[in-house]
Every structure is written in C-alpha cells, then in structure tokens.
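Everything below concerns the one structure shown next.
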C-alpha cells in the first residue's frame, strides 16, 4: 500500500540507482575486490581451523561430531529398512501358515 505512493516509489528508485552505482564502483576497484577475496579466503581458512579444533575437542571429550551423528543416523535408517523387510516376511509366513 505504501509502495503505491509516487513519492515512495521515487525514493526507492533513487536508492536502487545509487546502490547500483556504488556497487559498480566498488567492483571495478581492484583493491576492493582483492580485499574481499582475501577476506573470504581467510574466513574459509579460519572456519576450517575452527572445525578441526572442534572435532578434536569433541573427540577428547568423547562426544560425537556432526559427521559421527550423520553416520549413526544412516545406520539406523538402514536397520529400520531391514527390520521393516523382516517384519513383512514374518507377516507373510504367518499368513501362509494360517491358510
């Protein structure tokens, strides 16, 4: 409803234009792009270091990691499928004996 107001529309359009120009200027600045790339690279490296340290700490406390829990969940899913299969075979055998 507020977006139907011509003044608001004009303000939004002006803001979008200015943000677009600023983005173009920043992306054409090699120093800015290099700084962003460095920041992303360092952030990913820090995340890797943190993940590794966390896995080590969890292991030292004898606690499972997310990967351990996912493996366990996959095994439980496999066991559930196997149990369902066995149950259906037992039901089929039971039904065959009743006849």
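The values are calculated or read from the model by the stated rules, or taken from the named source; none is laboratory data. Everything numeric here is computed off the predicted structure, so don't read it as measured data. Neighbour counts are summed over all protein chains in view; Cβ atoms, including those assigned to glycine, are modelled from backbone coordinates with ideal geometry.
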Taking the options 21, 31, name whichever one is surrounded by fewer than 10 Cβ atoms within 10 Å (Cβ to Cβ) and either touching a helix residue (DSSP H, G or I) at 6+ places or on another chain (Cβ under 9 Å) or assigned to a helix (DSSP H, G or I) (or both). 31
Residues of the stretch 54-84 that turn out to be part of a helix (DSSP H, G or I), surrounded by 10 or more Cβ atoms within 10 Å (Cβ to Cβ), over 19 Å from the mean Cα position of the chain (by Cα) and modelled with pLDDT under 95, as a count: 4
